[in-house]
Each structure stands twice: as C-alpha cells, then as structure tokens.
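To start, the structure itself, in structure tokens.
Each value in this text was obtained by applying a stated rule to the coordinates, not by laboratory testing. Keep in mind it's a predicted model, so treat the numbers as computed, not measured. So basically every Cβ, Gly included, is an ideal-geometry build from the backbone, and we count neighbours across all protein chains shown.
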Amino acid sequence: MKNGENKAWATRDQSVVWHPCTQMKDHERLPIIPIRRAQGVWLEDFAGKRYLDAISSWWVNLFGHANPRINAALKAQLDELEHVLLAGFSHAPAITLAERLIALAPPGLTRCFYADNGSSAVEVALKMSFHYWRNRGQPQKTRFVTLSNSYHGETLGALAVGDVTLYKDIYKPLLMPVIVVPSPDCYPRAPEVSCVQHSERMFAAMAQILARQQAEICAVIVEPLVQCAGAMRMYDPVYLRLLRAACDHYGIHLIADEIAVGFGRTGSFFACEQAAITPDFLCLSKGLTGGYLPLSTVLTTSEVYAAFYAEHAAQRAFLHSHSYTGNPLACQAALASLDIFRADDVIEKNKSLSAHMARALAPLHVHPHVAEVRQTGMIAAVELVADRATRTPYPRHERRGQRVYAYGLEHGVLLRPLGDVVYFMPPYVITPSEIDLMVEVAIRGIEWAVAG
C-alpha cells in the first residue's frame, strides 16, 4: 500500500506539475519521487524509503532538514509578523540580518539590498552597477565581462552573463551581448603546472580585455573559486586577487556571485576571504536561510549607495523591487542559521568533515574512468571520462552521469550529477559514517555507470 501511495502522488504530480531543469519525458522510465518528510540529511518518501541528500537539495540546505533551531525561530516569527512591504516600512528581522551580514562580510561592504532568489540578486547587481555609472556621468560604461563556463542564474540578465551553453544557447536572441574571457578553471592545466600557476597565467586574457575596453565596461562578474553549475570546475584564489587589483586600476566594478559558494561551502565563510578581497557587489542566496525559504541579498559599498542618494528631482533612485523583498520569515530563518554558525563553530568543524570526504574519495584518484577528483572545502567533484589517459569524455548521449543518479536513488542516496561530473555538497550536519555511505554508493554507481 505504501508503494501505491508513492505511485499515486507521482501520477498526480505528472498530470499537473512541470519540473525545473527536467526533460519531463525522462520520468516515463525514472519515476518522480514524492517526499513526505525529511530530517537531518535524510529525505523520506511516502513508502518510508530514505535518501541521503548529498547535494543539499540544490545546494541550499546547510544544517539539515527540519532543523529544530530554525524551526523554533520560524514558529516564533509566524506569531508576530509574516510579511510587510519593505518600501517605506521595515522590521526587526530585516534590519538585524543586514547588520549581521555586513559584520561578517569582507570589509567595506556597508549596505544590504534584499531580493527573492539568486538570479534576482544577480539582476540587482548588474542593474545597480550599470545605473551607478550613469549616475556618475559615465553612461558609456554599459558592458559586462564574464568567465567562460560561468553560471549566474536563468533570468535574462543573469543568463546573459553566464556561459553554460546548455542553459543559454536557445535564448541568445533575447540576451544582451557580454564579453567572455577564458576561465581560470584548473582542470585543463598540464600535469607539471600547479593550479596557482595556471590561474595566474589565465589572468592574462582578462588583463588584456580590461586594459583595452575599460572605458565601456561596467563590471566583471565571477563565481569565486568554484564554477558550480559549470561542472564544479575550480581555480586558485590568486586569480581573484589579480582581478580585484585590475578592476581598481581601471575603474571597473567587481561582482562576486557567492550564491552557491557562500556560507562555508569553500572552507571559509565567504569564498572571497581566501583571496582577502572585497568585491563591489556580493550576491548571496541559497544557504542564506539554511535552505528554508527563498531570500537573497546584494551587499555593496557606501560609494555605490551614495551615487543613488539624492533629492527626488534628481531621478537617481534605484527603482527595483520584489513583492516579498526582505520577508520577515525568511530573514528570521537566516538569522537562526547565522546563530548556528556562531554557536557551533561550524567553519572549524567543517574542516574535519571535508578532510574525511577527501579520504573517502581517495580511491577514485586512480580509477581508469576518472580524470580528476577535485575539492574545495565542502564541495567535491569526480569527473568521469571514457579514457583517463587522454581525458576523452563520454559521448553526451550516453548520459553516464544519469546512470549514477539512478543507481544512487535505488540505493538511498540523492546524487544529481552535472553531466558526467558526480559531485558532493552535503549539509554540514552530515556525519563521517554518512559521508562513507554517500561516497560508497557513489563509487558503486560509477562502476555500474562506466561498465560496458
């Protein structure tokens, strides 16, 4: 009967729901899994089967599902204030959260502009940079620079400054043109070249573009250290230091998209810390609320804020809004999440968990169908290839990564590879034994996926 309940919900789902990032026809052979409840790192379906959430439900969940401390904060807030517009009004959770984020952020970020989700935060940063230069009397600065293989969201502005063809190509007629510079991604480097050396060398292309087109460039946008949706490709912090110095030299904004990599994912609270830099705009979302509610924010500088601060007649205001901007429930979830970071010394504890994950993945370093095992903090990725020696990829139509996904579900682990890259981004409450299980199932799934 329980399996029947699963099937009944899946049938109802497929008659009315259109799922994100999904070819719905795939679910004719790989059924939708309806989830009834969740606790910690575990999801449970209507038949009682459990799945270890190895990807934090698309990278948002930090402290486990149904976390009692976040639950309690939300329940208390629900009795006080569920929502009020943030135009002309305010409330304690939004004010307190802005204060605490500014205190945690790289020095010099002093203002917090709320939005609803990651793509919206990127839209805010792009528009704010463009508008800043107009307000400062430089309307010729209209171009944005992005890295190859980057991903910044799927609304039109965010999609334009991304470079993952899978998401972008079909919509190109709708998108503004941007300047794409080769990524510092360390995967293609020669064996004798260190990641530091490769990242430094790859900066030459960026330096040339900024020098040549400085007069028309508003901002450069990057995902610090890890290009997450771009197959979890990674690079060294030295690139960020060089980029910050060049942007300062040429009078260009730097937008750091830490939507996926912020809040401890890379081993530091913010990835920018590892380069000791402050961006002009810091975009945050995903883990901001601990995975509970949609919320994003853009932190920026007093200089940027001042460019919009004027009498009404000057027409300099930043007229961008979302109905649920700064929602009190979402802000309260974020505050509870920050409380857990502080009370539990999470960043320090994660060092032990990331080291354990590295040890568990060690056998894959010599696998004949693994080109690379890479890791930055609590993000790890395994690149599957047809031939390790030549790094020849599998033909895309073979969908080897999806085989790993199917195997994982069958054996109780939610793995959702990016193409043929199997990655791990678990909640921080995962235990060493759960890491072992997660990796063990993934290794077995890889063996099954590459056989034949």
Pairs from Lys25/Lys172; Lys168/Lys351; Lys49/Lys172 whose Cα-Cα separation, in the structure shown, is over 31 Å:
Lys168/Lys351; Lys49/Lys172
For region 189-204 and region 69-86, write down the distance between their C-alpha centroids in whole Å.
48 Å
Just to be sure I understand, if you calculate log10 I(q)/I(0) by the Debye sum over Cα atoms at q = 0.07, 0.14 Å⁻¹ for this structure, which of (1) -0.31, -1.33; (2) -0.40, -1.32; (3) -0.36, -1.47 do you get?
(3)
Quick one: length gained pulling Tyr167 to Ser15 fully straight, 0.36 nm per residue minus the C-alpha distance?
52.2 nm
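Beyond 19 Å, what share of the Cα-Cα pairs of region 356-452 remains, rounded to the nearest whole percent? It would help to have the intermediate numbers written out before the result.
Details: 1574 of 4656 pairs.
Tail of P(r) above 19 Å: 34 percent of Cα pairs.
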Can you work out ³J(HN,Hα) from phi for every residue in region 107-113, in order, using Karplus 6.51 cos²θ - 1.76 cosθ + 1.60 and θ = phi - 60°, giving whole Hz and x for Gly and Pro?
x, x, 8, 10, 10, 10, 10
Putting +1 on Lys and Arg Cβ atoms and -1 on Asp and Glu Cβ atoms, find which of Gly153, Ala451, Thr376 reaches farthest to the positive end of the dipole of the chain.
Ala451
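Which order do peptides 216-224, 178-186, 98-106 fall in by mean Cβ count within 10 Å, highest first?
On the way: 216-224: 24.9, 178-186: 21.0, 98-106: 16.2.
Output ranking for 216-224, 178-186, 98-106: 216-224, 178-186, 98-106.
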Could you tell me which of Ala317, Ser302, Leu418 has its Cα farthest along the dipole of the chain towards the positive end, charges placed at Cβ (Lys, Arg +1; Asp, Glu -1), taken about the Cα centre?
Leu418
Kindly state, as a whole number, the per residue volume in cubic angstrom of the convex hull around the alpha carbon atoms of region 15-87.
182 Å³
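Would you mind working out the magnitude of the charge dipole of region 245-368 relative to its Cα centre, with +1 at each Lys and Arg C-beta and -1 at each Asp and Glu C-beta, to the nearest 20 Debye?
Numbers: 7 positive and 11 negative charges, 87 e Å.
That gives region 245-368 a dipole magnitude of about 420 debye.
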Overall Cα dimensions of region 213-318 - principal axes, largest extent first, Å:
46, 37, 22
Output wanted: per-residue J couplings in Hz (rounded whole) for region 23-37, from phi through Karplus 6.51 cos²θ - 1.76 cosθ + 1.60, θ = phi - 60°, x for Gly and Pro.
8, 4, 5, 4, 7, 5, 10, 10, x, 4, 10, x, 9, 8, 8
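How large is the helix-only mean residue ellipticity at 222 nm for the chain, computed as the sum of -39500 (n - 2.57) over DSSP H runs with n ≥ 4, divided by its residue count, in deg cm²/dmol to the nearest 500?
Working: 14 runs with 170 residues, N = 452.
Using -39500 (n - 2.57) per qualifying helix, the result is -11500 deg cm²/dmol.
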Mind listing the Cα extents of region 133-269 along all three principal axes, in Å, largest one first?
46, 35, 29
Free-standing Cys, the chain [no other Cys Cβ under 4.7 Å]:
Cys21, Cys112, Cys218, Cys228, Cys247, Cys272, Cys283, Cys331
Report, in debye and to the nearest 20, how large the dipole of region 218-308 comes out about its Cα centre when Lys and Arg carry +1 and Asp and Glu carry -1 on their Cβ.
220 debye
Taking a ≥ b ≥ c as the square roots of the Cα gyration tensor eigenvalues, with a/c under 1.5 meaning rounded and otherwise prolate when a/b beats b/c, else oblate, which class fits region 320-379?
oblate
Cβ neighbours within 10 Å, averaged per peptide: list 290-297, 78-85, 302-309 in order, most packed at the top.
290-297, 302-309, 78-85
Label model pair Asp339, Gln213: point-to-point distance (7 angstrom along the Cα→beta-carbon line) in nm is 4.8 nm
Size of electric dipole in region 319-451: Cβ of Lys, Arg +1 and of Asp, Glu -1, about Cα centre, debye, nearest 20
340 debye
Total charge of the residues flanking Phe130 in space, meaning their Cβ is under 12 Å from its Cβ, with Lys and Arg +1 and Asp and Glu -1, is +3
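Percent of alpha carbon pairs in region 84-189 separated by more than 23 Å?
Numbers: 2509 of 5565 pairs.
For region 84-189, the fraction of Cα-Cα distances above 23 Å is 45 percent.
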Projected label distance in nm at Gln23 and Ser90, using a 7 Å step from Cα toward the beta-carbon:
5.1 nm
Sort 165-171, 434-440 by the packing proxy (mean of other Cβ within 10 Å over each peptide's residues), most packed first.
434-440, 165-171
